1. Relative to the Cα centre, what is the charge dipole magnitude of the chain, using +1 at the beta carbon of each Lys and Arg, -1 at the beta carbon of each Asp and Glu, and rounding to the nearest 20 debye?
2. For segment 59-64, what does the Karplus curve 6.51 cos²θ - 1.76 cosθ + 1.60, with θ = phi - 60°, yield as ³J(HN,Hα) per residue in whole Hz, taken in order and with x for Gly and Pro?
3. How far apart, in nm, are the 7 Å Cα→Cβ label points at Y86 and I36?
4. Within the chain, how many Lys pairs that are eight or more residues apart, or on different chains, come under 24 Å at the alpha-carbon?
5. With a sphere of radius 9 Å drawn around the Cβ of P113, what net charge do the other residues whose Cβ falls strictly inside it have (Lys, Arg +1; Asp, Glu -1)?
6. Just for the Cα atoms in the chain, what are the lengths along the principal axes, largest first, rounded to whole Å?
7. Grab the Cα-Cα distance for K11 and K159, subtract it from 0.36 nm times how many residues apart they are, and report the gain in nm with one decimal.
8. Compute the acute angle (0 to 90°) between the alpha-carbon long axis of helix 66-86 and the principal axis of greatest extent of the alpha-carbon atoms of the chain; round to the nearest 10°.
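Rule-based calculations on the coordinates, nothing more; no lab input. Note that this is a predicted model, so its numbers are computed, not measured. Glycine also receives a Cβ, built like all others from the backbone with ideal geometry; neighbour counts cover every protein chain displayed.
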Amino acid sequence: MSKQSPRENWKAVWKSPGGRQQIISGTLVMMAVVFILPNFFGYIEKRKGTVLNDWVLAAITPHNESILIFAIIWGMILFIIIRAIYSPSIYILYCWTLVFVSIARLSCIALVPLDPPRGLIPLTDPLTGVFYGNAMITKDLFFSGHTATLMLIFLCLEKPVDKVIGAIATIVVGYLLLVQHIHYTIDVLAAPVFVYVFYRFTRYFLNKSNKPQKAITKAINAIKVII
């Protein structure tokens, strides 16, 4: 498939009933998750949470690293989009894993109410502000969405060199989030673990049988159970 043009790659997947269903259903479910984000984040900002005693953050003088953080994140998002243009399987795997990771993250945030770390410097990004209802969100803490996003990109990239770039980006942004006191240490460290679990979980459903429709149906049913 790597020798074919991007158009031929996507056309081949789209002609497959299983591949077409994976693309359409994954995209629609992801859009549904994104749709509820503004109301969800508006809710968590109004509740009281716990301030953790984080000795790692206490040892770091906070600095504003917003520009570098978002330069890396959006650069890596653009990077995986380019790779997905040539490999539809990357898009399918990324999209479906992101669905499960997003649901898991919203569940964790709902169950673990935390107030932001001491010394937090607000992190603002006009490109993603719409998902947060264009409000300042500081309590979406456990686990780190920024770290999770980059970890997922790292896992979904296929070429060894790409994976090295993805790993470096994940580590650097995780560290910068701590420097800016956006997250507690546990938020950043837990994100790769959650993402890896759901990455393997997604691969299991997508690759379990030669009938992708059946796998996708099971995945959707699993989402309904989680919700």
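1. Values: 21 positive and 10 negative charges, 238 e Å.
Computed about the Cα centre, the dipole is about 1140 debye.
2. These are the phi-based 3J(HN,Hα) values: 8, 10, 6, x, 9, 7 Hz.
3. It works out to 3.7 nm between the two label points.
4. Taking the Cα cut-off of 24 Å, the pair count is 19.
5. Working: positive: R47, K48, K139; negative: D115.
Charge balance in the 9 Å sphere: +2.
6. The principal-axis extents, from largest down, are 53, 38, 28 Å.
7. Details: separation 148, 0.36 × 148 = 53.28 nm, distance 2.24 nm.
Gain on stretching K11 to K159: 51.0 nm.
8. 10
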